[in-house]
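Here's the structure, in structure tokens; my notes come after.
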Amino acid sequence: MPAQGTWREADPRQTVERHVPDLNDRELDGEAYDAVVVGAGVIGLTCAWHAAAAGHRVCVVERDRVGAGASGVAAGMLAPVGEAVPGEERLLEQNLKAAKAYPEFVARLESAAGMETGYRADGALHVALDRDEAEELRRRHEQHRSLGLASEWLTPSRCRELEPGLSPSCAGGVLAPDEASIDPRRLLAALAVALEKAGVPIHEGAEVTAALPHEGGMGGVRLADGREIHARWTVLAAGAWSAAKWLPDEGRPAVRPVKGQVLRLRGRPGSLPCSRIVASERVYMVPRADGELVVGATVEEQGFDDSVTAGGVLELLREAFRALPDIAELELVEASAGLRPATPDNLPLAGRGSVDGLIVATGHFRNGVLLAPAAAEAVVEAMVPERVTA
Ligand SMILES: Cc1cc2nc3c(=O)[nH]c(=O)nc-3n(C[C@H](O)[C@H](O)[C@H](O)COP(=O)(O)OP(=O)(O)OC[C@H]3O[C@@H](n4cnc5c(N)ncnc54)[C@H](O)[C@@H]3O)c2cc1C
């Protein structure tokens, strides 16, 4: 599995790369494109797909493999309500808009790729597991209501009616009926196939090490092996590595890595301990139709360290077990860690950079899977020729 910091290779049936065609033999050196996209995570691939659909000639360069960054480990929640934080109303607005538009994006992509992405709109149940947590959850529920979000308070018995696998200690819950989820690995695979069908090359093992200067701005990138790709636009979709030294100083966005550890468990399809997203104060569980249950996630300021730690795994398992005791019966398939690209105000960056020729699509922090189509729209808008500055 091509993700960061993984202690065990993932089930090969689940990997991204089994779907990704080998495109590395394509001619690249000296090629001229409308846009070169740096990074083959969910943001870069979605931007490339939208740009190609808008008629642009595009290629993607990825130093590792498709999904090697945060996108390959993400849980795939499409959950504006669960992610709502007081003071982040602008982000909430973007997340709500993105969630509303997601089904249409999924339908288009699945039809273009001829593959399913594991999209499910089953809602999310946030649960409190003791009296203190119930008070805190009540406060969050009031906030939801004051923000006009779909959020319903449920008694413990109603919670257990909806999710019989919940611990008897459940002290109440909040149902967010509009939340959804997707399998990010299937999403990445579908994007790679859709790009292949659209004739967009994805070059894996192609690390960008320099910007090509052009008339005071940028005119493409140079790779570690010396090859050059000339492009009117360089789309920076390098995730947590976006504040890279290869960019001109003034073009470097303020993005830092925030580590997240996550577990993948496996049970029989259709008989997992929960049937929708279940979230407690400290963890969330995301069930998939194929029998996978994702348990996430830690939030750690550890720089570029992406190791899986015993403490991280312990915390995730302990808290997941508190909510859904039957997880103890599931197979532990994988523990991995990824680096979320975070900005100082937690808002994503998508649009023209401060250097001519540079477009940024980064900083999507906890919501990159949800916000990828919105980022792609902003990037394509920034590529409109009449808006080009001299
Ligand atoms: C544990 C965890 C759980 C998450 N859960 C969710 C969730 O439920 N819902 C949600 O919406 N979001 C979630 N996120 C956040 C989401 O994963 C990220 O916001 C999103 O994946 C960012 O995508 P990206 O394409 O910007 O970055 P990445 O996926 O990190 O991709 C960046 C790519 O750029 C490449 N790259 C970097 N530098 C270079 C270079 N110089 N040359 C070539 N290539 C380069 C990297 O190798 C990498 O593949 C989660 C994140 C984590 C870590």
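For S271 and A310 in one chain, what is 0.36 nm times their gap in residues minus the Cα-Cα distance, to one decimal in nm? Intermediate results must be reported in sequence, preceding the final value.
Numbers: separation 39, 0.36 × 39 = 14.04 nm, distance 2.80 nm.
Residue separation times 0.36 nm, minus the Cα-Cα distance, leaves 11.2 nm.
Report, in whole Å, the centroid distance computed from the Cα atoms of the stretch 329-390 and the stretch 200-255.
If we compute the Cα centre of each part, the gap is 15 Å.
What relative contact order, as a whole-number percentage, does the chain give when Cα pairs under 8 Å and 6 or more residues apart are counted? Don't skip to the end; give the middle numbers.
Values: 956 pairs, mean separation 98.0, N = 390.
Here the relative contact order equals 25 percent.
Kindly rank 180-192, 152-164, 45-57 from highest to lowest mean number of other beta carbons found within 10 Å of each residue. Please report the intermediate quantities before stating the final value.
Details: 180-192: 26.9, 152-164: 15.6, 45-57: 22.5.
So the peptides 180-192, 152-164, 45-57, ranked by packing, come out 180-192, 45-57, 152-164.
In percent, what relative contact order does the stretch 221-278 have, based on Cα pairs under 8 Å that are 6 or more apart in sequence?
Working: 25 pairs, mean separation 11.2, N = 58.
Worked out over the stretch 221-278, it gives 19 percent.
Given Cα pairs under 8 Å that are at least 6 residues apart, what percent is the relative contact order of the stretch 30-74? Spell out each step's value before the answer.
On the way: 54 pairs, mean separation 20.7, N = 45.
Across the stretch 30-74, relative contact order equals 46 percent.
At a 1.4 Å probe radius, carbon and sulfur cover how many percent of the accessible area of the stretch 218-324?
Details: 2250 of 4110 Å².
Using a 1.4 Å probe with all protein chains present, the stretch 218-324 comes out at 55 percent carbon and sulfur.
Given a 1.4 angstrom probe, what's the average accessible area per residue across the stretch 231-390, in square angstrom?
Values: 6120 Å² over 160 residues.
Heavy-atom SASA per residue in the stretch 231-390 reads 38 Å².
Rounded to the nearest percent, how much of the accessible area of the stretch 33-81 (1.4 Å probe, protein heavy atoms only) is carbon and sulfur?
Details: 510 of 1100 Å².
Ligands and nucleic acids excluded, carbon and sulfur give 46 percent.
Between R131 and E329, take the C-beta separation as r, use R0 = 22 Å, and let me know the FRET efficiency to the nearest 0.05.
With R0 = 22 Å, the Cβ-Cβ based efficiency is 0.20.
Quick one: Cα convex hull volume of the chain, Å³ per residue? The partial results should precede the final answer.
Details: hull volume 50.5 nm³, N = 390.
Roughly 129 Å³ of hull volume per residue.
Show that you can apply the helix-only estimate: for the chain, add -39,500 (n - 2.57) for every DSSP H stretch of four or more residues, divide by all residues, and state [θ] at 222 nm to the nearest 500.
Here the helix-only value at 222 nm equals -8500 deg cm²/dmol.
The values are calculated or read from the model by the stated rules, or taken from the named source; none is laboratory data. From a predicted model like this one, the values you see are computed outputs, not experimental measurements. With ideal geometry, Cβ positions are generated from the backbone for all residues, glycine too; neighbour counts draw on all protein chains shown. To get the accessible areas, we keep the full protein, side chains included, count just its heavy atoms, and leave off ligands, DNA and RNA. Shrake-Rupley method; radii C 1.70, N 1.55, O 1.52, S 1.80 Å.
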